[in-house]
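Below is one structure, written out as structure tokens, with a few remarks after it.
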Amino acid sequence: MKKIYGFSIVSSFFGLWITSLLPENIELTLGFLLIFTFGMIHGSNDILIIKQIKKHSDQGLFKVLLTYLIVVSSAVLIFYFTPIFALILFISFSSYHFGEQHWEELLSKLNKSLRIIFFFNYGLFILYLIFFFNISSVIDIVYEIAGIKLYTIFCNEIILGLLLILSAILIYAYYTKILNLSSIFKELFSVVILAIIFNSSSLIWGFSIYFILWHSIPSLLDQISFIYGDLKKESVLKYVKNAFPYWLISIIGMTVLFLIFKQEKHFYTLFFAFIAAVTFPHAIVMLSMFSKKAN
């Protein structure tokens, strides 16, 4: 994972360089392209992960798949009928999922309750860091999705509160010898880099850089290792081959969703509805995967 950390940093600065060269509309298109390729592929193999988790389980795979489809369908319906509630759920699920992916290995020895609190607050901190540098864009998107005009999203207050919670848990982890100073400073350095990226990028491009380079690619490696037991070239190719049909179905589903509702829903509403529909079950599957690895 040290190589991935270095790759994420170098690639992030490359993304920052691209920001200085491309007009915002091209940057936006590239951001969506990355989300719909690498971003969606990292969530496309949930079925294979479920199969691996349930390999020695009495619970039928059909029942699990049915539950998975119900969660996806429910997410779309919630976004359609109560978009503001769905948006809150999406942010909550994403926050925990981002925090878990980033810190699960480092904080594996931390008390379970503190781990849950830390994962959620760290992920929310990253999202609010993105929001902080793009407040007007966030307010516009919330209005487009939910029809609610916000005048503030309390970035300063929420970021300060999250920092206090995260700092308290990190100090506890340090004094209980769960984390060392080098790991803490390494993560602080990562946050500084991300803040620079978010400050210099549009909302979608900044999110894309974090989502792809700092979340999706490390998640892909964890998934490949869990499913196949290694990170050899053959395993990576197997993963991509198995993920491709599910990814293609997802892209077709997104296209159909857009064609059906394009006259009554804005693009961002449809985009976040679909991403949320994929995120909800994926976050649950990854939680199960990490729990399985810990046992």
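The values are calculated or read from the model by the stated rules, or taken from the named source; none is laboratory data. The shown structure was predicted, so the numbers you read here are calculated from the model rather than taken from an experiment. Heads up, the Cβs are rebuilt from the backbone with ideal geometry, glycines too, and the neighbour counts pull from every protein chain shown. Protein only, heavy atoms only, side chains kept; ligands, DNA and RNA dropped before computing areas. Shrake-Rupley method; radii C 1.70, N 1.55, O 1.52, S 1.80 Å.
For log10 I(q)/I(0) by the Debye sum over Cα atoms at q = 0.10 Å⁻¹, pick the label among [x] -0.56; [y] -0.62; [z] -0.71 that corresponds to the value derived from the coordinates.
It is the one labelled [x].
Determine the shape class of segment 156-295: with a ≥ b ≥ c the square roots of the Cα gyration tensor eigenvalues, call it rounded for a/c under 1.5, and otherwise prolate if a/b is greater than b/c, oblate otherwise.
Cα axes put segment 156-295 in the oblate bin.
Can you pull out the trypsin sites (Lys or Arg not before Pro) in segment 116-197 that DSSP calls coil and that have at most 10 other Cβ atoms within 10 Å?
Those satisfying the criteria are Lys149, Lys177.
Measure out, as a whole number of angstrom, how far apart the alpha-carbon centroids of segment 164-242 and segment 77-139 sit.
14 Å
Over the chain, with a Gaussian network built from C-alpha contacts below 10 Å, which listed residue (Gly43, Gly99, Gly147) shows the highest mean-square fluctuation?
Gly147
Using only alpha carbon pairs under 8 Å that are at least six residues apart, calculate the relative contact order of the chain and give it in whole percent.
After rounding, I find 36 percent.
Whole-Hz Karplus ³J(HN,Hα) for segment 66-73, in order, using 6.51 cos²θ - 1.76 cosθ + 1.60 and θ = phi - 60°, x for Gly and Pro?
Each residue's phi maps through the Karplus curve to give 4, 4, 4, 5, 5, 4, 4, 5 Hz.
If I build a Gaussian network model for the chain, linking alpha-carbon pairs within less than 10 angstrom, which residue out of Ile275, Ile165, Ile204 has the largest mean-square fluctuation?
Per the Cα network of the chain with a 10 Å cutoff, Ile165 tops the list.
Report the local net charge at Val138: Lys and Arg +1, Asp and Glu -1, summed over other residues whose C-beta lies under 14 Å from its C-beta.
Net local charge, Val138 excluded: -1.
In whole Hz, what ³J(HN,Hα) sequence does segment 15-32 give by Karplus (6.51, -1.76, 1.60; θ = phi - 60°), x for Gly and Pro?
x, 5, 4, 4, 4, 6, 9, 9, x, 4, 5, 5, 4, 5, 4, 4, x, 5
Where in segment 213-257 does the label zone of Lys54 land, with the point 7 angstrom along Cα→C-beta and an amide N cut-off under 20 Å?
Taking a point 7 Å out along Cα→Cβ of Lys54, the residues of segment 213-257 whose backbone N falls under 20 Å are 223-224, 226-228, 242-247, 249-250.
When the accessible area of segment 67-177 is computed with all protein chains present and a 1.4 Å probe, what percentage of it is carbon and sulfur?
The computed percentage sits at 69.
Counting alpha carbon pairs within less than 8 Å and at least 6 residues apart, what relative contact order, in whole percent, applies to segment 158-277?
Working: 23 pairs, mean separation 10.3, N = 120.
Once divided by the residue count of segment 158-277, the mean separation gives 9 percent.
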